Amino acid sequence: MAFTKEKIKQLAYITRVKVTDEEAELIVKDFEGTMAWLETFISADTKGVEPLTSFMNVAMPFNKDEVKEGDQAELVVSEAPEKEGTFFVVPKVVE
Amino acid sequence: MTELHELSLKETVDGLQSKKFSSVEVTDAYIKQIENNRDLNAYVLETFDQARESAKAADKNIAAGNARPLEGVPLGIKDLYCTKGVRTTACSNILRNFVPPYESTITQNLWNAGALMLGKLNMDEFAMGGTNTTSCFGPVKNPWDKTRIPGGSSGGSAAATAMDMACATLGSETGDSIRTPASMCGVVGMKPSYGRCSRYGMISYSSSLDQGGPITKTVADAAIMLKYMAGYDHKDSVCADLPVPDYEASLKKDVKGMRVGYIREFNELGGVHEDVYKGYRDCLNAFKAEGADVVEVSIPHVIFAGQIYAVLANCEAASNLARYDGVRYGLRVDGDGSLDDMYLETRGKGFGWQIKRRLVIGSYMLSAEQYDTYFKQAQRIRRLLFNEFAEAYNQVDVIMAPITPDAPCTIEQVLNGADVVSRQGCLIDLLTMPMAMAGVPGIAVPAGSVDGMPFGIQLCAKRFDEETVFHAGYALEQMLKGDK
Amino acid sequence: MAYTIKGKTGDWEVVVGLEVHCQMISKAKLFSQASTEFGHEPNENVALFDAAFPGILPVMNEKCVEQAVKTGFGLNATIQKFSQFDRKNYFYADLPSGYQITQMYHPIVTDGYIEVNDDEGKVKKIRINRLHVEQDAGKSIHDRHPHKTYIDLNRAGVALMEIVSEPDIRSPDEAGQYLRKLRSIVRYLETCDGNMDEGSMRCDANISVRKVGETEYRTRAEVKNVNSVRFTMQAIEIEANRQIDLYESGETVKQETRLFDAVNCETRAMRSKEFAHDYRYYPDPDLPPLILTDEYIENIRKNLPDLPEAKKKRYIEQLHISEYDADVLVAEKETSVYFEKAAEGHDAKKVANWIMGDLFAYLKEEGIPISECPIKPENLGKMVDLINDGTISGKIAKDLFVLMCESGKDPMTIVEEKGMKQVTDAGAIEKAVDEVIAANPDKVELYKGGKDKLIGWFVGQVMKATKGKASPAVINDLLVKKLNG
């Protein structure tokens, strides 16, 4: 699979990270290297093996249906780069 | 005469509790040591005023007979842990000015035990890296040779511990981020089983692998630290609901009958310095001499561990780092006036190069068409590796292995992308990642030196058998002391 | 006659699948303990987790499992003992963590159905592919400022049930029935309040068309923003016609997301980037799998309330209520509860009529729900008894009803107080009949001459004379006897 600068920029957009042309070119090379390195890994025989999603075989712990959090709007927005009252404010979303 | 800042944590606790010296004195000693070694760049935030206040309060408690187990002990905390009211950045520009209004469970456990904080320690950005050269605050220097890396991602923690800039430090590991820097800086680093400690308040990198652990001057210190760090936390849904044993009780020298394994696939690896191999063999022989059974085990899938990590960690990171978007906290850089552009600019400028490449790779491998090829394949191979370790632990109690193959690279070599860096990196991956991918606990114990630089040996046991880890680690430490 | 649309090139069929998001009724959110209550100040109902602060982890609300399982039973579905949470990754201002916790690969409920009547009146199952649990997003407010958007995360993290049907719906009417029934079920189970206009129940429609007789599915478009049953039905018709027009002019239908514009009666394509739709689903490593025991599931099943279908059947079979009336009575749980209490031990059919007639009219005028009805259901039943056993006349009953509404007292008390008892004394009635006949010889002549309908007028006059208290039936009999005999 040949990775182009365009494909890298697309992937970067999906993850909302701006990459310069230069950076995109570096990532292309990086990608090619990584994918080559991963070839034996991809083709390793794992037929019939169950994926291991987590080490922890625990039962889902639950909270009771009680309101114990919230009521701290000022705190919630206290670190916001832009806020108005207790709203977060961002540049307008273009629908 | 041992200086106060040269004492181990255990000695410090004993000295404080028996009122041989005060917490204020100890804290001041560490503060001075930090001030004298700022060029190592181990600390990214010094909280000296707070530390002195806490030390005064600790001395009051001790005087009143209310001393808690770690009362007045000064610690350094990796800047990955959210500390309430104290800036926490994960050493990334995107969190450069973030002050969390909450405390992580592990650090809260330590404060509840009476410890106090000297400051936040340097690390690779978002814990992604093995060299501590990707921090937005600049690289950390290895105290043994300031041109060399201390290892990462807990480089600040290891350097601070090695240079007596804290009584003990808190690090974390996802792939090898405790064991590698501990090895490169000649200190003890312990990584508990995945799920032993709570991850609440730890900035997430790879949720299914991240785990907090202590980096200390001695094995006993690590056992003490873990005793207070570990435990069930309802706020972490995948945390183990298991009682925390008194790990200090595991610190025994006697290893008669202990079954010690060494991994066949690690024999004769090109690139491992003969001094390291000799040190490794010496350790195995020391155990044999003390009555342990030394047995070869085979874990064929170790060769894939680095790749499993590369896939899983990057995929999970891509998702975990999506929240850093300039909306609710952290850096915001406006673009052309649209929300999308604000995201792009903020994350483009806020994240370092390593992060960006991992986000792109991670997004690729999680995409619908690639999901099975990479992500699920990684989970399948991880299952095989996990099973192989479990099988090995039927034959042995503990597995011993090297950690770093040679003297650490120089910072310049890393920044220039020299070949030696990736060669060494591959070897380190091979030697360390398998244990992390299997979720087993392990400890790095300083074992010798190569080219004047320290290297450690690791001892890993099966999941939730931290007791054997401390037992074997302590025994090894004592054996090596005996030699000197 | 099956629903089809006549195009230029032949008859077309509409194929519709509905995705309905139901906000769960619970006090706290799905993975945090912030409140789900409506109407709070912005970001007041927000826990650190809901604002995606670094290092904060999810802990599940046990109530949300219960609600999903209950709803699964209401949909005649299979409860999955093993289900899992996955992350759906995308960027939007009201999605703080950059991913939604949902259930993609292993939903908690699968394979259910809702019954509707097709256009030929036959019962048909609309199959339900799945019900899964997921987080709701926050709210973006775009119209407060020309260049800025305001974000309120109060709704972020509230538990949703996403219910996805198979594309079994073949007409706007079937869609309407499906939605109304679904709404009724969740309201009965108290797992969702089903308010489409308030947004606690939201519908997206997947719509495609094909020529009658075709078996393959053609490309479908997704229509969002249909916030009422009526709009859903309209949107289906409008979109189907749009697609037919495209096909008939030789073009193709694009797979895309469209918005329904009720004002202009059209659907519009939403602008979005192609590759932005890869959600990169993977299991959420912060949550273990959800494993349910047989015991847990059985316990919920045992304690389920009666559902509308079951009640309707019972009303028809046991209480001899007509199907139409039964539908009306079960449409809202509160109505069915009221009806059952009122009908218990009384004339169910008559009680039903009173509820659907006078009672509904009263409630509508007062703008109150049946739960606030001043007449206790038992009292309505008792009132019907009084009519049936002749204590009061039907006409007087109307007045009694009003008095019961005003006072909330039981009927017998009011009847006594106001002396509303029906006059059944044959002698007294006969006297009144004789008086009316005597006073109106001209009308008597007309009646005898063939104007049978005048009997009604005579009855009316006697009713007036007896102040409405005489039984009209008795009056009628007497009049007929006297006028004819």
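Quick notes on this one:
- Selection count, segment C:50-98, where residues are closer than 23 Å to residue C:291 by Cα and not aliphatic (A, V, I, L, M): 23
- Restricting A:25, A:50, A:66 to residues that are of a type in the set (D, E, K, R) and under 30 Å from residue B:345 (Cα atoms) narrows the list to A:25.
- Test: residue B:163 is at pLDDT 95 or above and touching a Leu at 6+ places or on another chain (Cβ under 8 Å): yes
- Considering each residue of segment C:54-64 in turn, at least one proves to be touching a helix residue (DSSP H, G or I) at 6+ places or on another chain (Cβ under 8 Å) and not hydroxyl-bearing (Ser, Thr, Tyr).
- Residue check: residue B:423 meets all listed conditions (1) closer than 16 Å to residue B:131 by Cβ; (2) assigned to a loop (DSSP other than H, G, I, E, B); (3) at pLDDT below 95 but one, namely (2).
- Of the helices (runs of 4 or more DSSP H) lying entirely inside chain A, those containing at least 1 residues that are in contact with a Phe, Trp or Tyr (Cβ under 8 Å, 6 or more places away or on another chain) and within 8 Å of chain B (Cβ to nearest Cβ) span A:5-14, A:21-37, A:39-43.
- Positions within segment B:324-370 being assigned to a loop (DSSP other than H, G, I, E, B) and among the hydroxyl-bearing types (Ser, Thr, Tyr), in sequence order: B:324, B:329, B:338, B:367
- Residues (buried (at least 16 other Cβ atoms within 10 Å of the Cβ) and aliphatic (A, V, I, L, M)) located in segment C:296-318: C:297, C:300, C:307
- Of everything in segment B:346-369 that is basic (Lys, Arg) and buried (at least 24 other Cβ atoms within 10 Å of the Cβ), the residue that is farthest from the chain's Cα centre (by Cα) is B:347.
- In segment C:461-485, the residues that are assigned to a loop (DSSP other than H, G, I, E, B) and either of a type in the set (Phe, Trp, Tyr) or crowded, with 18+ Cβ neighbours inside 10 Å (or both): C:466, C:468, C:469, C:471
- Every listed requirement among (1) at pLDDT 95 or above; (2) more than 19 Å from residue B:78 (Cβ to Cβ) is met by residue B:3 save one, (1).
A quick yes/no check of all residues on (1) in contact with a Leu (Cβ under 6 Å, 6 or more places away or on another chain); (2) surrounded by 24 or more Cβ atoms within 10 Å (Cβ to Cβ); (3) not charged (D, E, K, R):
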{"site": "B:72", "(1), (2), (3)": "yes, yes, yes"}
{"site": "B:76", "(1), (2), (3)": "yes, yes, yes"}
{"site": "B:101", "(1), (2), (3)": "yes, no, yes"}
{"site": "B:104", "(1), (2), (3)": "no, yes, yes"}
{"site": "B:113", "(1), (2), (3)": "yes, no, yes"}
{"site": "B:124", "(1), (2), (3)": "no, yes, no"}
{"site": "B:129", "(1), (2), (3)": "no, yes, yes"}
{"site": "B:136", "(1), (2), (3)": "no, no, yes"}
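- Test: residue in segment B:350-357 that is without any contact (Cβ under 8 Å) to a residue 12 or more places away in the chain and within 14 Å of chain C (Cβ to nearest Cβ): no
- Residues being more than 15 Å from the chain's Cα centre (by Cα) and within 15 Å of residue C:376 (Cβ to Cβ) - total across segment C:321-359: 13
- Contact map, segment C:172-198: first residue at positive phi, second residue assigned to a loop (DSSP other than H, G, I, E, B) and surrounded by fewer than 24 Cβ atoms within 10 Å (Cβ to Cβ), Cβ cut-off under 7 Å, separation 6 or more or different chains; pairs are C:190/C:25; C:194/C:200.
- Among the candidates B:278, B:349, residue that is over 27 Å from residue B:97 (Cβ atoms) and of a type in the set (D, E, K, R): B:278
- Those residues of segment B:319-348 which are in contact with an Asp or Glu (Cβ under 6 Å, 6 or more places away or on another chain) and within 11 Å of chain C (Cβ to nearest Cβ), in sequence order: B:329, B:342, B:343
- Number of positions in segment B:19-55 that are outside any helix (DSSP H, G or I) and closer than 21 Å to residue B:222 by Cα: 2
- Lone qualifier among C:209, C:253 - being modelled with pLDDT under 95 and among the aliphatic types (A, V, I, L, M): C:253
- Against the list (1) under 8 Å from the mean Cα position of the chain (by Cα); (2) in contact (Cβ under 8 Å) with a residue 60 or more places away in the chain; (3) under 28 Å from residue C:57 (Cα atoms), the condition residue B:177 fails is (2).
- Residues (under 21 Å from the mean Cα position of the chain (by Cα) and either among the basic types (Lys, Arg) or not in a loop (DSSP other than H, G, I, E, B) (or both)) located in segment C:104-121: C:112, C:113, C:114, C:115, C:116, C:117
- Against the conditions (1) closer than 30 Å to residue B:303 by Cβ; (2) out of contact with any Leu (no Cβ under 7 Å at 6 or more places or on another chain), residue A:49 satisfies every one except (2).
- Among (1) charged (D, E, K, R); (2) surrounded by fewer than 20 Cβ atoms within 10 Å (Cβ to Cβ); (3) under 17 Å from the mean Cα position of the chain (by Cα), the one test that residue B:451 misses: (3)
- Residue within segment B:450-459 that is more than 17 Å from residue B:187 (Cα to Cα), more than 14 Å from chain A (Cβ to nearest Cβ), in a strand (DSSP E or B) and of a type in the set (A, V, I, L, M) present: no
- Taken over segment C:13-65, the residue count meeting the criterion of being touching a strand residue (DSSP E or B) at 6+ places or on another chain (Cβ under 8 Å), more than 17 Å from residue C:85 (Cβ to Cβ), more than 7 Å from every other protein chain (Cβ to nearest Cβ) and surrounded by fewer than 22 Cβ atoms within 10 Å (Cβ to Cβ) is 3.
- Residue B:375 being away from chain C (no Cβ under 12 Å) and aromatic (Phe, Trp, Tyr): no
- Segment A:39-77, residues that are touching a Pro at 6+ places or on another chain (Cβ under 7 Å) and modelled with pLDDT of 95 or more: A:60, A:73, A:75
- Of the helices (runs of 4 or more DSSP H) that lie entirely inside segment C:346-442, those containing 2 or more residues that are in contact (Cβ under 8 Å) with a residue 12 or more places away in the chain span C:348-354, C:377-388, C:394-407, C:411-418, C:426-439.
The values are calculated or read from the model by the stated rules, or taken from the named source; none is laboratory data. Keep in mind that what you see is a predicted model, and the values were worked out from it rather than measured. With ideal geometry, Cβ positions are generated from the backbone for all residues, glycine too; neighbour counts draw on all protein chains shown.
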